[in-house]
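Here's the structure we're looking at; comments come further down.
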Amino acid sequence: MKTVIVYYSHSNNTRAAAEILKDKLGAKLVELKEKKVGNPLQAILKRKTVLVGDPWKETEDASVVYLMFPIWAGHSVPAMNGFVNNEKSDFGKKEVIIVTFQADKGLKNSVKVRDYIGNFVRKNGGVVRESYGMVGGSMNVFVGDEKIKDQIDKVKWYNL
């Protein structure tokens, strides 16, 4: 049984959370890297970017997969779209937890975005076990390790 955290981070908020969670769960980290960095317009248009390497291979033996990413302009980032909406995506028999980060403290659009990504997870054989919305900084603004850690510490995280 293995837990893998797949994440995309632009302003280090999601990266900080992924690293904190990795330590809590003893999980493996997989960072999504793009051949050409996506932008908010691509997010609005629900586009996906081409990813570097083979992050799908990193989740093959996982039973639990965390998907962590920021929300841009009320939508999922192109890198995560590229990961979940890809012919290589296989979440068969995996428990998936979706965690989003956004600047809006009211977490507006968070549920909609998590549902959007969750539909790809289910389409590719996975089960969305939980989903969480967290507050990060505005684009290009890191809120700091303590604010991220405080949010991470308030959740009872799932790990097989």
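For this structure, a couple of remarks:
- Distant-in-sequence amide H partners of Asn109 (H built 1.01 Å from N, under 5 Å): none
- Positive dipole terminus of region 65-160, leading residue within Met80, Gly144, Val121 (C-beta point charges): Val121
- The residues of the chain expose on average 50 square angstrom of accessible surface per residue, using a 1.4 Å probe on protein heavy atoms.
- Loop-located GluC sites (Glu not before Pro) in region 1-99, at most 15 other Cβ atoms within 10 Å (DSSP): Glu60, Glu87
- Under a 5 Å amide H cut-off, with hydrogens placed 1.01 Å from N, Trp72 pairs with Val77 among residues at least 5 apart or on other chains.
- Carbon and sulfur %, accessible surface of the chain computed with the full protein complex present, 1.4 Å: 49 percent
- For the cross-link pairs Lys123/Lys149; Lys22/Lys147; Lys36/Lys154; Lys22/Lys46; Lys93/Lys147; Lys24/Lys112, the ones whose C-alpha atoms lie over 26 Å apart are Lys123/Lys149; Lys36/Lys154; Lys22/Lys46; Lys93/Lys147; Lys24/Lys112.
- Inter-centroid distance (Cα atoms) of region 106-160 relative to region 71-95, Å: 13 Å
- For region 126-142, Karplus couplings with θ = phi - 60° (6.51, -1.76, 1.60), whole Hz, Gly/Pro x: x, 10, 7, 7, 8, 8, 9, x, 10, 9, x, x, 4, 3, 6, 10, 8
- Near the amide H of Tyr66, within less than 5 Å, lie the amide hydrogens of Val4, Ile5, Val6, Ile97, all on another chain or at least 5 residues away, with H placed in the peptide plane.
- Taking 20 Å as the straight-line reach from the Cα of Lys94, the aspartates and glutamates in range (excluding those fewer than 8 positions away in the same chain) are Glu31, Asp54, Glu58, Glu60, Asp61, Asp115, Glu130.
- Per-residue ellipticity at 222 nm computed for the chain from its helices equals -8500 deg cm²/dmol, with DSSP H segments shorter than 4 residues left out and the rest contributing -39,500 (n - 2.57).
- Helix runs (DSSP H) in the chain reaching 15 Å along axis by Cα, Kyte-Doolittle at least -1.0: 13-25, 110-123
- Heavy-atom accessible surface of Lys35, to the nearest 10 Å², is about 150 Å², with a 1.4 Å probe and all protein chains retained.
The values are calculated or read from the model by the stated rules, or taken from the named source; none is laboratory data. Only a predicted model underlies this, so the values are computations on that prediction, with no experimental measurement involved. Here the Cβ is made from the backbone with ideal geometry for all residues, glycine too, and neighbour counts use every protein chain on show. The accessibility values were calculated without ligands, DNA or RNA, using every heavy atom of the protein model including side chains. Shrake-Rupley method; radii C 1.70, N 1.55, O 1.52, S 1.80 Å.
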